[in-house]
1. If you take the beta carbon distance between residue 397 and residue 372 as r and set R0 to 22 Å, what does 1/(1 + (r/R0)^6) give as a FRET efficiency, to the nearest 0.05?
2. With label points built 7 Å along Cα→Cβ from the Cα atoms of residue 122 and residue 265, find their separation and express it in nm.
3. Mean-square fluctuation check for the chain, GNM, Cα pairs under 10 Å: which of 157, 307, 330 is largest?
4. As I understand it, the value is the acute angle between the Cα axis of helix 252-262 and the longest principal axis of the Cα atoms of the chain; what does it come to in degrees, rounded to 10?
5. At 4 °C and 1.567 mPa s, grab the translational diffusion coefficient of the chain from Stokes-Einstein with a Kirkwood Rh over Cα pairs, rounded to a whole number in µm² per second.
6. What list do you get for 132, 55 if you sort them by fewest beta carbons within 10 Å?
7. Report the label-to-label distance for residue 137 and residue 356 in nanometres (one decimal), using points 7 Å from each Cα along the Cα→Cβ vector.
8. Just grab the label-to-label distance for residue 83 and residue 324, each label 7 Å out from Cα along the Cβ direction, in nm (one decimal).
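Read the figures in this text as sums done on the coordinates, not as results from a lab. Because the structure is predicted, anything quoted here is derived from the model rather than measured. Backbone-built Cβ (ideal geometry, glycine too); neighbour counts: all protein chains shown.
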Amino acid sequence: MLNIDWFVEGVKGEAPSEPPESAGEKEAPAGAPKAMEELIFGLVLVGPHNDHGWSEAHYTAGQYVEKTVPGTKMIWLESLNPADRPDTTLEQVVDDMVGQGAKLIFTTSDAFEEDTVPVAKKYPDVVFINISGDDVLTGEAPPNEGNIMGNMVPMKGVAGCAAALATETGTIGYLGPLINFETRRLASAAYLGARHCYEKYRGKNPDDLRFIVTWIGFWFNIPGVTLDPTEVARDFFDTGADVVISGIDTTEALVVAGQRAAQGERVFAIPYDYEGACAEAPDVCLGIPYFNWGPAYAKTAREVMNGTWKQSWDWNPPDWNDINNRDTTGTGFIFGPALTDEQKANLQEFIDGLASGEIVLYKGPLNLQDGTPYLKDGEVATDEQIWYLPQLLEGMEGPSE
């Protein structure tokens, strides 16, 4: 059996209050844990816990739980991926965590979705939450598995708007990870936000805006396997883009933008996932769309401890009363230091429009990239249509598959 004691440790965090309600709940499984005074919960990370991106956002959420839910203790393993741990399986990690007493385990990547189902079946008295998956929707999840995802669609729209406000070349690069439903819908949301703001605030024809997507092949750089995101970011800037939006877990786009700006170039970047990401190169950072997993994690932990957890698929939205309220929002956007006052005002107006419903990103007429009709004039996409977006949208450059 794998011994992960060297990699697992307890940590502390910051205090919040009551998180938002979840939706789509089903009855509690027969094997769900009964009420308990203490809870050990496991966190399985696909990348390093300090990657300034996706994995760090989950790690800080675990700290949030420890601080806000009395009696909880986190155990965790980082960098479970083919490059860093090629001989380690999710089942081995889960075996070890269950052996240490975990009754709740978060598998924090779509890369773990397929393997979460069998381990959940193996341990029916443990609650498993797969992040970003849809096993509950498809009916593949056993009764003790749930799904949680932050609804990043509107915040990616805000990122696209920020890029459109800043570009002078009229070319935006999108540094994408691998290609799937999630990454297509988020890249497309950024494109829609960019088109809206390029026309409304810049007074330009949105059809003249170039939005180029390059996929590296995974959520972060794996030498010899993926494209190098540093080289991709450099290529964007070399070929006319002056803003790069990142869709990967790490901060290469921002780092490269900072290096170019230090050489006198007017370039910017928008990192992803983690609220502190702008710190890598603040002077070129237009903002950061980020996930705030803490409230959902804390809610789940409380329910497991109380014996009231029910299976659900939760796509947690921003708290439109305050998208940066760490105790309530599912996703947020922090303005970057590189924004001008005018850009901040325009961006805030765009956010207010999303909040009120005046602005709807996925509203027709919209076609898919190959020209196939997606939404007819005036039609608003359902959650399912957005979640399972089959292609990029018409006007976007880059492969859909």
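1. Details: r = 17 Å, r/R0 = 0.78.
For R0 = 22 Å, the calculated efficiency reads 0.80.
2. Placing both labels 7 Å along Cα→Cβ, they lie 4.7 nm apart.
3. Ranking 157, 307, 330 by mean-square fluctuation puts 307 first.
4. Helix 252-262 sits roughly 40 degrees off the main axis of the chain.
5. Values: Rh = 21.4 Å.
In µm²/s, the coefficient is 61.
6. Numbers: 132 22, 55 29.
Sorted ascending by nearby Cβ count, the order is 132, 55.
7. 3.0
8. 3.1
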